[in-house]
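Note sheet for the following structure.
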Amino acid sequence: MEDCVVSGEDMDVKACHITYRYGQKKVLDDVSYTFGGGLYGLLGVNGAGKTTLLKLLATIIQPESGSLSIDGDEALSRQGRKRARTHIGYLPQCFDLLEASTVLHNVQYAAWLHGGSWRDAGRRAYEALELVGLRERAQSLVKGLSGGMRQRLGIACAMVPFPGVLLLDEPSVGLDPLQRIRLREVLHGYARDNTVILSTHLVDDVVAMADHILVLDRGSLIFDGDADDLAAMGENAEEMTTIWESGYRRLLAGRISEDAEDVEMYGDCL
Amino acid sequence: MMCIQQRPQRLGIGILAPLAGPSTVIFVLFMVTYPLLMSLRNYGLGGFGPDPVLRESALLVDLTWMHLGTSCIAILYGTWLAAKTASSRCPINAWWSSGRMMRRFVTPMGKGAIICAGTYGVAMLPAITRTQYATTAAFPWGSWIFGMTMPAIMFVIGYAIGVFIGNQWALVPSLVVALLYAASGFFVRTSMPASNVYPRYWGSRWTGVLPVVDSGMGFEPGLRLDPWFVVTRCVFLMVVLCSCAVGCMVFAGGYGWKTWKAASASVITPIVIVGLIIGYMGPRPWMRSEPFMPMCKQVKGVALTVCSHPDDTAVHDKYTRALTSFASWFPSEWALSRQHAITVLLGNSFTSSDPNRPYNLTEAGSRMVTAGRPSVIQMHTDTVSAATINFSDIRDLSMALIDIWLPAECATEARRHVFDHDQLMNGADVTAFILTQMPDRMDNLAGLGHGYTLTGSARDEAARILMTMNDEQFRKFVIDHEAALGACQVSPDDVIGNAAQSDGGT
């Protein structure tokens with residue numbers, strides 16, 4: 001597929017000593033990391049703090065302590081937030097769309113909000129739909145879409161301003177294996193010139209597409225590396241949960257490859 | 001870059017965006033319903049019932065308040081729209097999204113406000129057209145624009161509520177706000193003038209910011225809405241639009257619900273401040289007619305003159321026709337005599353605004369009305385004063401004419417007991433029985449009756465004869481025996497004998 005990704009900026013997202021609580025419970029504990037260009041996968045079991053970290057990076061919630069900067073500018077003050085949000089596209093795990101409108105209208109509206117005429121927004125919308133493989137469904141009503149298509153449409157809406165930082169919370173949910181492969185291609189392509197941070201509990205996806213893998217466990221960053229580093233870490237199985245052990249085994253079995261042409265199904269994993 | 005073939009966009013979607021087409025249509029239909037139904041009822045649209053007497057001033061007043069139902073739905077529409085397009089769960093325009101603030105908030109607010117205002121404006125066009133057709137009224141631009149502003153205001157407020165709450169639960173507080181706001185105006189009352197002198201400028205200043213306010217006085221011929229009052233309301237609309245837009249921007253720039261205090265203050269503070277300024281210091285809405293030269297016409301053949309404000313030609317014509325019919329019941333020398341001349345003044349526009357003048361007329365007009373020292377009867381329109389309390393409709397006039405031109409003082413006592421006796425005993429009873437029926441029969445012959453005739457309680461043969469006469473026969477009887485009736489000299493036997501003669505003659 002010919003690339004048509006609009007070149008963006010290689011954005012640094014720097015989180016320093018981020019701490020966050022929900023009531024008395026500490027959800028993120030002194031997390032520090034700098035996200036440069038590329039695709040980052042956030043791994044962790046439910047409750048590890050992935051969504052909270054993404055929300056913090058998206059400036060949706062305010063950390064209890066710590067600092068956040070995007071492209072060198074601090075992002076926690078009012079002006080900082082305003083600046084930062086122009087560089088961020090965020091798709092939450094659960095989201096709504098304009099059900100009574102068409103696929104195109106949803107994305108076109110999202111594009112129009114960022115400037116340009118309605119026609120220009122339509123052009124950008126088509127580009128985004130092409131990226132996520134929904135161009136043929138442009139005139140379909142949203143309420144008639146499958147779960148996977150809705151997911152891709154959500155990604156298109158988040159992506160259509162072509163932000164420098166794209167934050168996706170569980171983007172693979174609801175996608176079938178072929179769609180997940182396509183999604184990996186899209187995000188990989190987008191991450192060449194931008195920063196993409198996605199959270200998931202599916203080890204296969206992260207290993208297949210992420211340049212960098214971060215593992216969160218009970219609010220702390222316990223791992224930072226790539227797929228090979230992750231495989232090496234599997235030798236100390238007691239440091240990982242049951243889910244991680246499963247992914248680790250498949251990784252060792254060599255059944256997961258970024259360039260795999262033959263795909264076998266194992267439940268909802270490849 | 002791949003060449004992507006685009007399908008042409010439907011232009012309507014672009015113009016309306018982000019307002020959803022189907023939802024907009026449904027809300028518009030609901031918004032149109034209330035003013036259209038009120039127009040049907042108040043302006044005789046569709047021909048239901050007798051034609052109402054249309055006054056330009058009544059339309060001016062109605063335009064300023066018949067938006068009430070429309071406004072309540074407009075706020076729900078705004079909330080519904082915002083809860084969908086600016087939902088906190090929608091990645092397109094959630095509060096945490098980026099994008100141009102004007103496009104995110106001001107554009108949908110502006111478009112929705114225009115739609116809501118336009119819906120009310122269009123819904124009132126049938127009533128306006130009907131009034132213009134029936135009167136000489138000019139297009140009521142001021143009142144029309146004034147009425148349209150409130151649905152726009154309510155839409156904008158509803159949209160802001162929807163942005164703040166971010167889901168469809170926002171409809172609940174939105175509905176509460178709508179009902180409270182609509183009800184608030186009913187608690188602001190202006191005291192009615194106690195005397196027969198009305199202020200030149202009246203009405204509550206709070207009408208500029210509240211949807212419905214008791215004005216203290218109703219419509220009257222020659223009434224006008226102060227243009228500066230319309231300007232004031234338009235300014236208030238802009239204040240609401242700007243403060244709601246700023247509130248949404250403050251909300252979107254913060255951390256969502258945690259920013260609600262600042263966002264709410266951004267919305268509420270300017271609205272309250274400007275609202276208070278307008279409520280306490282703004283212009284009064286209504287301007288009464290300046291002293292005018294009335295339009296007077298004498299009913300042919302009798303000393304009966306009907307006067308109205310120059311704007312009130314439709315009402316003048318109606319009353320002239322009715323009084324011409326009434327006058328045909330009194331072809332006696334009394335009705336022709338200037339000694340018993342009557343001048344009827346139609347409406348509150350004649351009520352003076354100057355304690356030193358008896359009427360709101362120019363010098364020449366006053367001389368014209370009082371020339372020959374007639375008995376002056378002033379009808380009231382909508383608002384009652386001490387001078388007009390007894391004269392609200394045409395039936396009151398028919399009774400007044402009877403009292404002046406056929407006083408029959410000899411029957412005064414009998415008239416007090418007309419519902420007590422089951423038999424007509426003497427001429428006074430006969431006169432009282434006839435005078436009790438006359439107003440309704442006069443109205444019936446003038447084409448203004450309700451289809452029933454009030455009679456006394458007597459049911460003997462003479463009473464039965466009088467009751468079974470049709471209106472024409474009854475009038476002929478009164479005309480033929482007017483002098484005798486006035487002296488209570490028509491006995492029950494005379495009634496029976498007259499009936500026998502008539503039967504024998506036919």
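Summary table
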{"item": "The range B:145-167-the range A:70-91 distance, computed between alpha-carbon centres (Å)", "result": "30 Å"}
{"item": "Accessible area in the full protein assembly, largest first, 1.4 Å probe, for B:ASP460, A:ASP71", "result": "A:ASP71, B:ASP460"}
{"item": "Extension gain from B:THR136 to B:MET238, taking 0.36 nm per residue of separation minus the Cα-Cα distance", "result": "33.4 nm"}
{"item": "Accessible surface ranking that places the most exposed of A:ARG124, B:ARG395, A:ARG78 first, with a 1.4 angstrom probe", "result": "A:ARG78, B:ARG395, A:ARG124"}
{"item": "Rg/Rg_ref, the range B:346-476, where Rg_ref = 2.2 N^0.38 Å and atoms are Cα", "result": "1.31"}
{"item": "Principal-axis tilt of helix B:21-43 within chain B, Cα atoms, nearest 10 degrees", "result": "20 degrees"}
{"item": "Estimated vicinal HN-Hα couplings, Hz - the range B:106-112 in sequence order (Karplus 6.51, -1.76, 1.60; Gly, Pro = x)", "result": "5, 4, x, 4, x, 5, x"}
{"item": "Euclidean distance between Cα centres, the range B:370-449 to the range B:206-234, Å", "result": "37 Å"}
{"item": "Cβ neighbours within 10 Å from other chains - mean over B:74-85", "result": "1"}
{"item": "Accessible area of B:MET281 in the full protein assembly, 1.4 Å probe (Å², nearest 10)", "result": "150 Å²"}
{"item": "Length-normalised contact order of the range B:417-471 in % [C-alpha pairs under 8 Å, at least 6 apart]", "result": "46 percent"}
{"item": "Where B:ARG224, B:ARG441 fall by accessible area, highest first, once all protein chains stay in place (1.4 Å)", "result": "B:ARG224, B:ARG441"}
{"item": "Mean projection area, nm², convex hull over Cα of the range B:409-503", "result": "5.6 nm²"}
{"item": "Rounded to the nearest 10 Å², the accessible area of A:GLU74 at probe 1.4 Å", "result": "80 Å²"}
{"item": "Length-normalised contact order of the range B:17-136 in % [C-alpha pairs under 8 Å, at least 6 apart]", "result": "41 percent"}
{"item": "Length-normalised contact order for chain B - Cα pairs under 8 Å, 6+ apart - percent", "result": "12 percent"}
{"item": "Residue-count net charge about B:PHE474 - beta-carbon cut-off 14 Å; Lys, Arg +1, Asp, Glu -1", "result": "-2"}
{"item": "Counted charge near B:ASP214, where neighbours are those whose Cβ lies closer than 14 Å (Asp, Glu -1; Lys, Arg +1)", "result": "+2"}
{"item": "Summed side-chain charge close to B:PRO283 - residues other than B:PRO283 whose Cβ falls under 11 Å, Lys, Arg +1, Asp, Glu -1", "result": "+2"}
{"item": "Förster radius 25 Å - calculated FRET efficiency between B:THR362 and B:GLN298 (Cβ-Cβ, nearest 0.05)", "result": "0.80"}
{"item": "Inter-label distance for A:LYS143 and A:GLU185, nm, one decimal - labels placed 7 Å from Cα along Cα-to-Cβ", "result": "3.3 nm"}
{"item": "Shielding by partners - mean other protein chain Cβ count within 10 Å, residues of A:112-125", "result": "4"}
{"item": "Length released on extending from B:LEU37 to B:THR370, taking residue separation times 0.36 nm less the Cα-Cα span", "result": "115.6 nm"}
{"item": "With DNA, RNA and ligands ignored, accessible area of B:TYR280 (1.4 Å probe; Å², nearest 10)", "result": "150 Å²"}
{"item": "Relative pair counts by distance (%), Cα atoms of chain B, 10 Å bins", "result": "4, 16, 20, 18, 14, 11, 8, 5, 3, 1, 0, 0"}
{"item": "Peptides ranked, highest mean first, by Cβ atoms within 10 Å: ranges B:399-409, B:467-477", "result": "B:399-409, B:467-477"}
{"item": "Cβ crowding within 10 Å averaged over residues, with B:250-261, A:52-63 ranked highest first", "result": "A:52-63, B:250-261"}
{"item": "Exercise: per-residue mean of other protein chain Cβ atoms within 10 Å, A:99-108", "result": "4"}
{"item": "Crossing angle, helix B:492-505 versus chain B [Cα axis fit, 0-90 degrees, rounded to tens]", "result": "90 degrees"}
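The values are calculated or read from the model by the stated rules, or taken from the named source; none is laboratory data. Since this is a predicted model, take the numbers as computed values, not measurements. No Cβ is skipped: glycine too gets one built from the backbone with ideal geometry, and neighbour counts run over all protein chains shown. Note: accessible area is taken over every heavy atom of the protein model, side chains too, but ligands, DNA and RNA are not part of it. Shrake-Rupley method; radii C 1.70, N 1.55, O 1.52, S 1.80 Å.
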